[in-house]
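The structure under discussion appears below in the form of structure tokens.
The values are calculated or read from the model by the stated rules, or taken from the named source; none is laboratory data. Since this is a predicted model, take the numbers as computed values, not measurements. Here Cβ is always computed from backbone atoms with ideal geometry, including for glycine, and neighbour counts include all displayed protein chains.
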């Protein structure tokens with residue numbers, strides 16, 4: 001069943017789930033209790049802008065993308081999942097993955 005995104009809390013929850021993070025992970029990043037994160041996701045308490053910035057960083061997205069999800073009513077789950085997976089890679093793992101996708105640079109040929 002596809003959930004309709006109506007609030008910023010809905011967007012945070014859907015991005016969090018797509019990134020395979022728990023409320024505990026978000027609570028730890030915010031320095032808040034899990035119950036606070038739960039209440040904020042349900043819309044009982046508002047997220048502050050600074051909290052949304054921290055959450056967006058944790059979810060490898062932007063505050064703008066979270067609000068875009070509220071505006072459009074959906075999140076791009078493929079993008080959210082990619083961002084979550086990408087954020088877990090080390091720089092050397094990213095380089096290794098990109099080496100399969102990007103062509104190797106050609107050595108410049110000497111002119112005759």
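For the criterion of being at pLDDT 90 or above, surrounded by 12 or more Cβ atoms within 10 Å (Cβ to Cβ), touching a helix residue (DSSP H, G or I) at 6+ places or on another chain (Cβ under 8 Å) and more than 27 Å from residue 89 (Cβ to Cβ), residue 54 fails.
Can you work out which of the residues in segment 1-31 that are in contact with a helix residue (DSSP H, G or I) (Cβ under 9 Å, 6 or more places away or on another chain), in a loop (DSSP other than H, G, I, E, B) and touching a residue at least 12 places away in the same chain (Cβ under 8 Å) is surrounded by the fewest Cβ atoms within 10 Å (Cβ to Cβ)? Per the criteria, the residue is 4. Selection over segment 1-39 of residues that are over 17 Å from the mean Cα position of the chain (by Cα) and modelled with pLDDT under 95 gives a count of 5. Scanning segment 79-97 for residues that are under 28 Å from residue 14 (Cα atoms), more than 11 Å from the chain's Cα centre (by Cα) and either modelled with pLDDT under 65 or assigned to a helix (DSSP H, G or I) (or both) yields a total of 4. The set of residues from segment 33-42 being over 14 Å from residue 67 (Cα atoms) and touching a helix residue (DSSP H, G or I) at 6+ places or on another chain (Cβ under 8 Å) comprises 33, 34, 36, 37, 38, 40, 42.
State whether one or more residues within segment 33-42 are outside any helix (DSSP H, G or I), buried (at least 16 other Cβ atoms within 10 Å of the Cβ) and without any contact (Cβ under 8 Å) to a residue 60 or more places away in the chain. Within segment 33-42, not a single residue is outside any helix (DSSP H, G or I), buried (at least 16 other Cβ atoms within 10 Å of the Cβ) and without any contact (Cβ under 8 Å) to a residue 60 or more places away in the chain.
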